[in-house]
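The structure appears right after this line, and notes come after that.
FYI, it's all coordinate maths here, none of it is from the lab. Not measured: the values here are computed from a predicted model. A quick note on method: Cβ atoms are made from the backbone with ideal geometry, for glycine too, and the neighbour counts reach across all protein chains shown.
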Amino acid sequence: MIQNERATECLRVRLSKRNNFSLKDAFQYTDSASNDNLLSAEDIRNMLAEHGFFATERELNSIMKKFDKDGDMKISYAEFVDELSPKIINNMS
């Protein structure tokens with residue numbers, strides 16, 4: 001589990017350093033089907049499928065559990081940003 005968290009944090013740091021990456025754009029892209037400013041498991045499933053990854057129900061549930069801090073089964077922009085923003089600032093890249 002610790003190794004997984006470290007890998008996740010490294011990904012967060014790498015994304016934050018990309019000049020052309022925008023969390024807002026990533027959120028809007030994922031929300032493009034429903035366009036309700038909230039991400040559902042179906043929004044996540046569709047976005048992943050568009051990129052060739054077909055998530056199982058278990059994987060989708062894990063993603064939702066990780067991102068959905070208030071437990072409403074929707075991911076708000078604030079929850080999205082919170083989960084994808086670096087937690088530890090150091091030289092993990």
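Structural remarks
- Using alpha-carbon coordinates, inclination of helix 2-17 to the longest axis of the chain, degrees: 90 degrees
- Neighbourhood net charge (13 Å Cβ-Cβ; Lys/Arg +1, Asp/Glu -1) for LYS69: -3
- For the chain, a crude dipole built from +1 on the beta carbon of Lys and Arg and -1 on the beta carbon of Asp and Glu, taken about the Cα centre, is about 540 debye to the nearest 20.
- Karplus 3J(HN,Hα) series, Hz, for the range 18-29 with 6.51 cos²θ - 1.76 cosθ + 1.60 (x for Gly, Pro): 6, 5, 9, 9, 10, 4, 4, 5, 5, 5, 4, 4
- Degrees separating the helix 41-50 axis from the principal Cα axis of the chain, which is the longest one: 70 degrees
- Residues whose amide H lies under 5 Å from that of LEU38, counting only those 5 or more places away or on a different chain, are absent; hydrogens are built 1.01 Å from N in the peptide plane.
- Each Cα pair under 8 Å and six or more residues apart adds its sequence gap; the mean of these over the residue count of the chain is a relative contact order of 37 percent.
- Against the chain, whose longest principal axis is taken from its Cα atoms, helix 57-67 shows a tilt of about 60°.
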